[in-house]
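Structure first, then comments.
Where a number appears in this text, it was derived from the coordinates with a stated rule and is not lab data. Quantities reported herein were computed from a predicted structural model and do not represent experimental measurements. Note that we place each Cβ from the backbone using ideal geometry, even for glycine, and neighbour counts take in every protein chain shown.
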Amino acid sequence: MLNQISENLQIGKAKIVKQLVQEAIDAGIPAREILEKGLLDGMNVVGEKFRKNEVFVPEVMVAARAMNMGVQLLKPLLAESGVKATGKVCIGTIQGDLHDIGKNLVKMMLEGKGLEVIDLGTDVAPETYVKTAIEQNCQVICCSALLTTTMPLMADVVKAAEAAGIRDKVKIMIGGAPVTEEFRAQIGADVYTDDAASAADAAVKLCAG
């Protein structure tokens, strides 16, 4: 049954996934097992295929939608059994930038790894990332930019985190088409990745660390 959940999720059959998750719950399979061996397992396969260019953004979107439908059924059960997300991340596109396809893709991949994600949307001020990280107890801040003109504001996120005294506790990840590893080193952010699947893997490591 868990394999069926994984396989149907990979091809984005949201209604079937929802139905199978309900059947698994009714059969007494623990919610955590359904989440990890069914939903997250399927999403990992999609992430890996995306990394290898075997599937593309639309396929990832439908798989993520299928996963979310399954997760909605599991959420109350996971909360009851005291299962917590493996980490907490806030994500947003930097101030002055309204592009969100890349950000949304990273968000889906992060959720697909079992992380809790607070989505701040687009045009996010540096202070907002930091305020959210403090209030919500996030281990990681993820910043995206598609415009070279908005990239410098990522440096302000690092500075705002330093000013707030959370720089040693909260890691800062950056990404987006014009962003590079050199730019990351220059502004003092922690991690740069060039694709959504790698970003999710890096965030999991940061949360575990």
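Give me the number: length gained by fully extending ILE118 to ILE11, i.e. 0.36 nm times residue separation minus the C-alpha to C-alpha distance, one decimal in nm. Please list the in-between numbers first.
On the way: separation 107, 0.36 × 107 = 38.52 nm, distance 2.61 nm.
Working it through step by step, the gained length comes to 35.9 nm.
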Positive minus negative residues near GLN136 (Lys, Arg vs Asp, Glu; Cβ under 12 Å)
-1
For segment 63-75, in order, what is each residue's ³J(HN,Hα) by Karplus, 6.51 cos²θ - 1.76 cosθ + 1.60 with θ = phi - 60°, in whole Hz (x at glycine and Pro)?
5, 5, 5, 4, 4, 4, 5, x, 4, 4, 5, 7, 3
Can you work out ³J(HN,Hα) from phi for every residue in segment 13-26, in order, using Karplus 6.51 cos²θ - 1.76 cosθ + 1.60 and θ = phi - 60°, giving whole Hz and x for Gly and Pro?
7, 4, 5, 5, 4, 4, 4, 5, 4, 4, 5, 5, 4, 4
If amide H atoms are built 1.01 Å from N in the plane of the peptide, which residues on other chains or at least 5 residues away come under 5 Å of the amide H of VAL124?
THR93, ILE94, GLN95, GLY96, ASP97
Which shape class applies to segment 29-130: rounded if a/c is under 1.5, otherwise prolate when a/b exceeds b/c and oblate if not, where a ≥ b ≥ c are the square roots of the Cα gyration tensor eigenvalues?
oblate
How charged is the neighbourhood of ARG51? Take every other residue with its Cβ under 12 Å from the Cβ of ARG51, and add Lys/Arg as +1 and Asp/Glu as -1.
-3
Scalar couplings 3J(HN,Hα) for segment 114-127 by Karplus 6.51 cos²θ - 1.76 cosθ + 1.60 (θ = phi - 60°), nearest whole Hz, x for Gly and Pro, are x, 8, 8, 10, 9, 8, 8, x, 10, 6, 8, 5, x, 5
Label-point separation, PHE56 to THR148 (7 Å along Cα→Cβ), nm
2.6 nm
Highest-MSF residue in the chain out of ILE101, ILE118, ILE34 [GNM, Cα springs under 10 Å]:
ILE101
With Cα atoms, 0 to 90° folded angle of helix 101-112 axis to the chain main axis
50 degrees
